[in-house]
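The values are calculated or read from the model by the stated rules, or taken from the named source; none is laboratory data. Here the structure is a predicted model, which means the values were calculated and not measured. Note: ideal-geometry Cβ built from the backbone for every residue, glycine included; neighbour counts use all protein chains shown.
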Amino acid sequence: MTIFKKSFTQQESIPEEGIEAAIAVMRSGRLHRYNTLPGEKSEVDLLELEFAEYLGVPYCLACSSGGYALHIAMRAAGLQAGEKVLCNAFTLAPVPGAIHNSGGVPVLVDVAEDYCIDLDDLEAKAAESGAKYFMLSHMRGHVADMDRIMAICERYNIFLIEDCAHTMGASWNGVKSGTFGDVACFSAQTYKHMNSGEGGFLTTRHPDIMAKAVMHSGSYMLFDRHFASPSKDVFDEIRYETPNYSGRMDNLRAAILRPQLAKLDEKCASWNRRYTVIENILAECSVIRIPTRPDAEVFVGSSIQFSIPSFSAAKIAQVIRDCEERGVVLKWFGNAEPTDYTSRYDSWRYIENMPNLPKTRAILATLLDIRIPLTFSESDCELISHIIVDVVKGSE
Ligand SMILES: *Cc1c(COP(=O)(O)O)cnc(C)c1O
């Protein structure tokens, strides 16, 4: 019996240039983003400019985490206590958490068979809830039909915040994920597409939203020391009216992120090669279902999802145990008990009037997920896939 021995949580090391740059920051002692010499741009300033350029947007704010970016995005958008916010039922805990943190009430939208948000349910809930905000998670690197989403947002006059924690580097019809909505938020937490331990970005095209986000992030009255940011006059009123929710990024993190950004597209291609290896082998197993992705979607395969629709919950649990015995770690989004990083929507019990979402529960019940760290080679991915097929066939 072959056993896979590598860790599913081991990331690549930080590029040497990033380590060098981080050491230079430490030698300088100037770790705080505003602690610059006259005329100097800090590592955070440079990172913001580079990320804005990468995405093709005018404004970018680096901050302490992706969840924090989501929180201040809602605040900057003007969300008032008790207002409704549409969001995916299939997402991770920081998303409803960010909505709650900004005083909003999540309105959970079903997942569809392609593992993206269910657009019919979105349309129905946009109409019936009257929500003016939508926090869209592009889950597990996949991008839903953005043409239809934008049409729905326009029809109901909805403010769209894209949660791109899993789609840094992805696009829809050649348009980058994170450039559709009013605001986009990204994460640089270790298990996302760039790794600074903790970290996040907020991007937008709206000067007033950006000015508020900068103030919220803890700029004090140093807002004019931002470069991927609107001109000083935009802050005239905003600087008095916007509370400081302190959540800045520091120069040490920015220093290790900059060389990673330069390599992002290359990394995404490496993920997708590994994704394809796994997809092709799993597809040979008749009970395993992997949705075919539309041509418009350039996803990032930093993880891969598949379903075994004919299996009961007990059988899925057995597959997970058997795979684990052979060194293959599967995540199960349908687990009623929140485990590890994964929690099903109904475990977020602080949400008032928790809806019953039978469609979402049915899809999640047999939905499994493999994390694909780049420390795995393509032959590692082959081995993992063969083990999974073996286990699944053995439990049929
Ligand atoms: C990780 C994650 C976030 C938040 O990122 P942090 O930087 O960990 O706060 C938001 N949304 C999704 C879907 C995530 O997986």
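Structure summary
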quantity	calculated
Count of segment 80-101 residues which are surrounded by fewer than 24 Cβ atoms within 10 Å (Cβ to Cβ) and more than 12 Å from the ligand (Cβ to nearest atom)	6
Any hit, segment 243-264, residues being out of contact with any Pro (no Cβ under 6 Å at 6 or more places or on another chain), within 26 Å of residue 385 (Cα to Cα) and part of a helix (DSSP H, G or I)	yes
In segment 137-159, the residues that are touching a strand residue (DSSP E or B) at 6+ places or on another chain (Cβ under 6 Å) and either outside any strand (DSSP E or B) or away from the ligand (no atom under 15 Å from the Cβ) (or both)	140, 143, 144, 146, 153, 158, 159
Subset tally (residues that are within 12 Å of the chain's Cα centre (by Cα) and either at pLDDT below 95 or not in a loop (DSSP other than H, G, I, E, B) (or both)) for segment 89-102	2
All positions within segment 334-357 that are within 17 Å of residue 94 (Cβ to Cβ) and either surrounded by fewer than 15 Cβ atoms within 10 Å (Cβ to Cβ) or among the hydroxyl-bearing types (Ser, Thr, Tyr) (or both)	338, 339, 340, 341, 342, 343, 345, 347, 349, 350
Subset of segment 177-189 that is within 14 Å of the chain's Cα centre (by Cα) and buried (at least 22 other Cβ atoms within 10 Å of the Cβ) - its residue that is nearest to the ligand (Cβ to nearest atom)	187
Inter-residue pairs, beta-carbon under 7 Å, first without any contact (Cβ under 8 Å) to a residue 40 or more places away in the chain and in segment 242-265, second of a type in the set (Gly, Ala, Ser), 6+ apart	244/218; 246/218
Search result, residues across segment 266-294 that are under 20 Å from residue 375 (Cβ atoms), touching a residue at least 60 places away in the same chain (Cβ under 8 Å) and charged (D, E, K, R)	267, 273, 274
Positions within segment 10-29 being closer than 28 Å to residue 223 by Cβ, touching a residue at least 40 places away in the same chain (Cβ under 8 Å) and surrounded by fewer than 18 Cβ atoms within 10 Å (Cβ to Cβ), in sequence order	24, 26
Number of the condition not met by residue 2 [criteria: (1) modelled with pLDDT of 95 or more; (2) under 30 Å from residue 386 (Cβ atoms)]	(1)
Which listed residue, of 281, 304, 256, is over 23 Å from residue 56 (Cα atoms) and within 21 Å of the chain's Cα centre (by Cα)	304
Considering residues of segment 209-240 that are among the charged types (D, E, K, R) and under 23 Å from residue 39 (Cβ atoms) only, the residue surrounded by the fewest Cβ atoms within 10 Å (Cβ to Cβ)	233
Segment 326-357, residues that are part of a loop (DSSP other than H, G, I, E, B), closer than 14 Å to residue 110 by Cα and aromatic (Phe, Trp, Tyr)	333
Matching option when the condition is away from the ligand (no atom under 13 Å from the Cβ), surrounded by fewer than 24 Cβ atoms within 10 Å (Cβ to Cβ) and on the phi > 0 side of the Ramachandran plot, among 174, 197, 169	174
Residue count for segment 174-192, restricted to those that are in contact with a His (Cβ under 8 Å, 6 or more places away or on another chain) and either without any contact (Cβ under 8 Å) to a residue 60 or more places away in the chain or part of a loop (DSSP other than H, G, I, E, B) (or both)	3
In segment 102-113, residue nearest to residue 212 (Cα to Cα) [restricted to those that are touching an Asp or Glu at 6+ places or on another chain (Cβ under 8 Å), in contact (Cβ under 8 Å) with a residue 40 or more places away in the chain and away from the ligand (no atom under 14 Å from the Cβ)]	105
So residue 116, is it assigned by TED's automatic domain parsing to the domain that holds residue 211 and within 16 Å of the ligand (Cβ to nearest atom)	yes
Criterion: out of contact with any strand residue (DSSP E or B) (no Cβ under 8 Å at 6 or more places or on another chain), closer than 24 Å to residue 361 by Cα and assigned by TED's automatic domain parsing to the domain that holds residue 381 - qualifying residue of 292, 276	292
Top-ranked residue in segment 358-382 [being in a loop (DSSP other than H, G, I, E, B) and hydroxyl-bearing (Ser, Thr, Tyr); ranked as surrounded by the fewest Cβ atoms within 10 Å (Cβ to Cβ)]	377
